[in-house]
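Derivation of every value follows stated rules applied to the coordinates shown; laboratory data play no part. For clarity, every value in this text was computed on a predicted model and none was experimentally measured. Please note: Cβ atoms are built from the backbone with ideal geometry, for glycine as well, and neighbour counts cover all protein chains shown.
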Amino acid sequence: MDIAALAKLYIDAVKNDSIEANILTKLPELITCADWKLVEIVGKVNYVSPRTKIVYDGLIVKYAGGLYYMRKKVADTLGQFDRRFLKVNKIINVLS
């Protein structure tokens, strides 16, 4: 399955400012896109997978009809050009 199709599969995964851990770990990562102005920020996430010890520290975003995870490093870099990537107050809770 290609990344865009996977992202579209999980578009409604965030409900009541929460996402399930098993879905978060399957979200594709948004590293680059054609137009960053089209990226809609859903909220911040900070989660450590107890099984794999992978750290998810970044943003959940919507782009082109799909839901993506964006690393904090990418968001911080984009924040130099677009302040909305730095001023995210909404926290997305991760449900185990």
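Quick check: pseudo-label points 7 Å beyond the Cα along Cα→Cβ at ILE3 and TRP36, how many nm apart are they?
That separation, rounded to one decimal, is 1.6 nm.
For LYS15, go through the lysines and keep the ones whose alpha-carbon is under 23 Å away, minus same-chain ones fewer than eight residues off.
LYS26, LYS44, LYS62, LYS72, LYS87, LYS90
Restricting to Cα pairs below 8 Å that are 6+ residues apart, what does the relative contact order work out to for the chain? Please round to a whole percent. Don't skip to the answer; put the middle values down first.
Details: 156 pairs, mean separation 33.7, N = 96.
35 percent.
One-quarter of the Cα convex hull surface for the stretch 24-65, in nm²?
Working: hull surface 12.9 nm².
Taking the Cα atoms of the stretch 24-65, their convex hull projects to 3.2 nm² on average.
Rounded to the nearest 5, what % of the DSSP beta bridges within the chain are antiparallel ones?
Rounded to the nearest five, the antiparallel share is 75 percent.
Looking at the calculated P(r) for the chain, what percent of the C-alpha pair distances fall above 15 Å?
On the way: 2567 of 4560 pairs.
The calculated P(r) of the chain puts 56 percent of pairs beyond 15 Å.
What longest region of the chain stays clear of trypsin sites (Lys or Arg not before Pro) that DSSP places outside H, G, I, E and B and that have at most 14 other Cβ atoms within 10 Å? Each step should come with its number before you reach the end.
Values: sites that count: LYS26, ARG51, LYS53, LYS87, LYS90.
Result for the longest clean stretch: 54-86.
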